[in-house]
Amino acid sequence: RRKRTPTTAPGTMTLERAGHHCAHCHSGFAPRDHRFHRQPGPLSPAVTRMAGITAGQIGFERSSDMIRGLAGMPVSGKTVGRHARSPGRRMARDEADWIEAEPAQARTLYPGMDGTGIPVRRSETAGCRGKQADGSAKTREARLAGVRSAGSVNRKTGSPQQDPGSVSHDAAIESIAGLDADTGLAACSRRVEREPERRGFRSAARRVVVADGAVRIWNWTDEQVPDAIQAVDIHHAGEHVGDAARAIPSDSSRVREVLST
């Protein structure tokens, strides 16, 4: 008989169950753990779900504070991190293998994509080229795919406006690069394709891909959704206008002439 003290939704409790050991392969297990879906570690399945849901929204340490404050369970940030990764990996595999497309809820859907550097441990950047003076990297680039809709109209301006609660997104540290000999899309391209597909992008009446103007994104759009409208987001459009204005003579009439083209 072996004891175990897991943290469960009702609180911490000590369980005693039969443990079996194989002298030949030197491994052991407790059949009752499998019966009640117990996984290795100090958290029960219910608390593991709490950790996974909250950590995905607010991070490990804040998740620890929330679980302690709302449920009275002293779960450390490190414990949250260890247990949140397991359901996260299962969810990632499920998302990669299964897409259940929804009917388009809005006339116009706007998928967008971008990347940003996030700080990571030094071991995570080993062998990666970066922007440091010695060629090393301090960050890894996370690729983000998002979808939003704009089916309503602003009453004051008459222009389309984003529908409340319409934004969904998916992100991961994945490469967008691919080889000419590849028979399928790169991992990042598959992720970028999945979220719009899930939102019913292909059945929407109008499709607009919003991006920062990077050539690789327009190449992806040309290949995957060639009939979609390609639009530069307002932030980067403003940057391009500023660059154009600085690159031409300061005469205001000339600036207006160039920008109008």
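Annotation: E100 fulfils all but one of (1) touching a helix residue (DSSP H, G or I) at 6+ places or on another chain (Cβ under 8 Å); (2) under 30 Å from S152 (Cα atoms); (3) open to solvent by less than 50 Å² (accessible area, probe 1.4 Å); (4) not polar (S, T, N, Q); the unmet one is (3). Applying the condition of being modelled with pLDDT under 80 and aliphatic (A, V, I, L, M) to region 1-29 and asking which residue is farthest from T79 (Cα to Cα) yields L15. The number of residues in region 209-230 that are out of contact with any helix residue (DSSP H, G or I) (no Cβ under 8 Å at 6 or more places or on another chain), part of a strand (DSSP E or B) and more than 17 Å from L144 (Cβ to Cβ) comes to 1.
Total residues in region 141-161 satisfying the condition of being open to solvent by less than 70 Å² (accessible area, probe 1.4 Å) and under 19 Å from C128 (Cβ atoms): the figure is 2. Look at R198 and say whether it is modelled with pLDDT under 85 and surrounded by 14 or more Cβ atoms within 10 Å (Cβ to Cβ). Here the answer is yes, as R198 does meet what is asked.
Taken together, M66, M73 contain a single residue that is open to solvent by less than 40 Å² (accessible area, probe 1.4 Å) and modelled with pLDDT of 80 or more, which is M73.
Table: residues versus (1) of a type in the set (F, W, Y); (2) under 21 Å from L109 (Cβ atoms); (3) modelled with pLDDT of 85 or more.
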{"residue": "Q132", "(1), (2), (3)": "no, no, no"}
{"residue": "E141", "(1), (2), (3)": "no, no, no"}
{"residue": "S149", "(1), (2), (3)": "no, yes, yes"}
{"residue": "S152", "(1), (2), (3)": "no, yes, no"}
{"residue": "K156", "(1), (2), (3)": "no, no, yes"}
{"residue": "S159", "(1), (2), (3)": "no, yes, no"}
{"residue": "A172", "(1), (2), (3)": "no, no, no"}
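Looking at region 100-119, can you tell me whether even one residue there is assigned to a loop (DSSP other than H, G, I, E, B), modelled with pLDDT of 80 or more and over 25 Å from C188 (Cβ atoms)? The answer is no, given that none of the residues of region 100-119 is assigned to a loop (DSSP other than H, G, I, E, B), modelled with pLDDT of 80 or more and over 25 Å from C188 (Cβ atoms).
Scanning region 162-189 for residues that are within 30 Å of R206 (Cβ to Cβ), part of a loop (DSSP other than H, G, I, E, B) and among the small types (G, A, S), we see that the one that is most open to solvent (accessible area, probe 1.4 Å) is G165.
The values are calculated or read from the model by the stated rules, or taken from the named source; none is laboratory data. Here the structure is a predicted model, which is why all the values come from computation and not from measurement. When we count neighbours, we look across all protein chains shown, and the Cβ atoms used for this are built from the backbone with ideal geometry, even at glycine. These accessible areas exclude ligands, DNA and RNA; they are computed on the full protein's heavy atoms, side chains included. Shrake-Rupley method; radii C 1.70, N 1.55, O 1.52, S 1.80 Å.
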